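Worksheet for the structure shown next.
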Amino acid sequence: MLLVHILHTPGHFWQRLAEHLQAAGGEVSVSEVPQQLPMIVDNPREFLPQQTGEADVTIAVHLHHDLLAELPALLSEGGGRALIVPIENPNWVRPGLVRQVSGDCDKFDVRVAFPEPFCSLHPATPAIKQFCDEYRVGRPQLELVITDGVVTEARCIRSAPCGLTEWAVERLVGTEAAEALIEKARTLHHSRPCLASMTMVPPMDDTLMHKSLFLFEDVVRQALAEASQGK
């Protein structure tokens, strides 16, 4: 499996992410970097672990903008294949920085993704597709078996990287396969709960938590439409 290195500042999201990826059986290392740094960091490498860039996939969770901007060069030097920067809060990464880091990744031949939120990750490049396939994460996918109008089996094919989908799918069994299933999905999404921000995102005119919720509802509806019939 691909080697994964999670760089993060203090918070809860990275913990769920690390736990879920490590449970998949891959080699996942975790490094905390300082959150309180000067507005301008003259030497970003001073605050990044020495091994930064050596993993196949680096996941950067809420890093200072100067530290994030240094990652494309470090991945190029270390042999890293892909950089994933999940945006669970619109304040984590500004659009200008997305453009800058994306441009630098292109220059250094590093694949990059800025999923907003992480459960919307689309495997658009071979390296990121391999990550999604091996760790079974990205845009959620599930399979249902329905017997006499009730969900009797539910299997998570691909989970949100935080593990919420896998946790929720197990709890759909026994629910009527109708609008009640969508209501149960909504309840489960809020019960763990989703850690995406409730800060409004002006271009969306909504929040990232709601985007995650609507995505999960769509996934459940699709699984419902494609469900197998049990005996």
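Just so you know, all these numbers are worked out from the coordinates, no wet-lab data involved. Since the model is a prediction, treat every value here as computed from it, not as a measurement. Glycine gets a Cβ as well: all are built from the backbone with ideal geometry, and neighbour counts include every protein chain shown.
Here the Debye sum runs over all C-alpha atoms of the range 4-135 as equal scatterers in vacuum, and log10 of I(q)/I(0) at q = 0.18, 0.20, 0.22 Å⁻¹ comes out as -0.98, -1.26, -1.60.
Result for the chain in a Gaussian network model with C-alpha springs under 10 Å: among V137, V173, V112, the largest mean-square fluctuation is at V173. Against the main long axis of the alpha-carbon atoms of the chain, helix 179-191 sits at an angle near 40°. Computed log10 I(q)/I(0) for the range 78-195 at 0.12, 0.21 Å⁻¹: -0.54, -1.12, from the Debye equation with unit scatterers placed on every C-alpha and solvent omitted. Here the relative contact order of the range 135-175, from alpha carbon pairs under 8 Å that lie six or more residues apart, stands at 39 percent. For the range 34-108, what percent of Cα pairs sit more than 20 Å apart? In whole percent, the share of Cα-Cα pairs in the range 34-108 beyond 20 Å is 25.
Neighbouring Cβ atoms within 10 Å as the yardstick, rank K184, K129 fewest first. Write down the numbers at each step before the final one.
Values: K184 18, K129 15.
By the 10 Å Cβ count, ascending, the order reads K129, K184.
As a proxy for reagent exposure, ranking W92, W167 by other Cβ atoms within 10 Å from fewest up yields W167, W92. Counting every alpha-carbon pair across the range 141-229, the share separated by more than 17 Å comes to 45%. A cut-off of 5 Å between modelled amide H atoms, ignoring neighbours fewer than 5 places along the same chain, links D206 with V201.
When 1/r is averaged over all different Cα pairs and the result inverted, which Kirkwood radius in Å belongs to the chain? Working shown, then result.
Values: mean 1/r = 0.0542 Å⁻¹.
That comes to 18.4 Å for the chain.
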